[in-house]
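Coordinate-derived values only; no laboratory data. Because the structure is predicted, anything quoted here is derived from the model rather than measured. No Cβ is skipped: glycine too gets one built from the backbone with ideal geometry, and neighbour counts run over all protein chains shown.
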Amino acid sequence: MNSELYNNILAHINTDTVGVIWFSESTLSEPTEVNEIFDYIVDGQLREFVEFTKENNIETEKENNFFISHNFDSPFILFNTCISHEFSKKDFNDFKMILSKLGNHSQKNLAVIYPKSFKLPEVVKKSDLTIREFSY
């Protein structure tokens, strides 16, 4: 695992971060370094999810994925979508609805992680949430 990339991603996720939107270059079933980093962040849930979908022949390649975990003892959500999929306002509103139900964070800070080649959707840029962006 590339420790510089790992450290850069983790630098955007701290005690006041309630969620991450991760725009990935590939689907979760394709092993990548970034997938490994996020799998670590959500305590192995990505790997377990991929194994479960393969074992049960469940097609998720075109779906958005939500993972609920903990960040510094507070509820935390990871939202993953592949950049080859269209990211809609509805997708973002669904994420914000789930985000609003998590914990009692005084501020709803959000990390947005995406490849350098990806143009961040306007609906995310114009959000009223406090956003920390990182492109890799």
### Task
Compare 52, 118, 66 in a GNM of the chain, Cα atoms joined below 10 Å, and give the one with the largest fluctuation.
52
### Query
Around residue 19, which amide H atoms from residues at least 5 apart in sequence, or from another chain, sit under 5 Å from its own amide H, with H modelled in the peptide plane?
77, 111
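Sorted from fewest to most neighbouring beta carbons within 10 Å, what does the list 135, 100 look like?
Numbers: 135 13, 100 10.
Listing 135, 100 from fewest to most nearby Cβ atoms yields 100, 135.
Classify segment 48-98 as rounded, prolate or oblate, taking a ≥ b ≥ c as the square roots of the eigenvalues of its Cα gyration tensor: rounded when a/c is under 1.5, otherwise prolate if a/b is larger than b/c and oblate if not.
Values: a/c = 2.64, a/b = 1.13, b/c = 2.34.
Verdict is oblate for segment 48-98.
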### Task
Mind listing the long-range amide H neighbours of residue 24? Cut-off is under 5 Å, sequence gap 5 or more, other chains count too, H placed in the peptide plane at 1.01 Å from N.
81, 82, 83
### Message
Tell me which of 130, 64, 19 sits at the most positive position along the dipole axis of the chain, charges placed on C-beta atoms (Lys, Arg +1; Asp, Glu -1).
### Response
130
### Message
For a quick check: with amide H placed at 1.01 Å from N, whose amide H comes under 5 Å from residue 108's, ignoring anything fewer than 5 positions away on the same chain?
### Response
130
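Past the 28 Å Cα-Cα mark, which pairs from 54/89; 90/119; 54/108; 54/101; 54/116; 54/125?
54/89; 54/108; 54/101; 54/116; 54/125
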### Estimated vicinal HN-Hα couplings, Hz - segment 38-43 in sequence order (Karplus 6.51, -1.76, 1.60; Gly, Pro = x)
5, 4, 4, 4, 9, 6
### Message
Restricting things to Cα coordinates, could you compute the convex hull volume per residue of the chain in Å³?
### Response
106 Å³
### Query
What number, in percent, do you get for the relative contact order of the chain if the mean sequence gap of Cα pairs under 8 Å and at least 6 apart is divided by its residue count?
34 percent
### Query
Between residue 136 and residue 51, what length comes free when the chain is fully extended (0.36 nm per residue of separation minus the Cα-Cα distance, one decimal in nm)?
28.0 nm
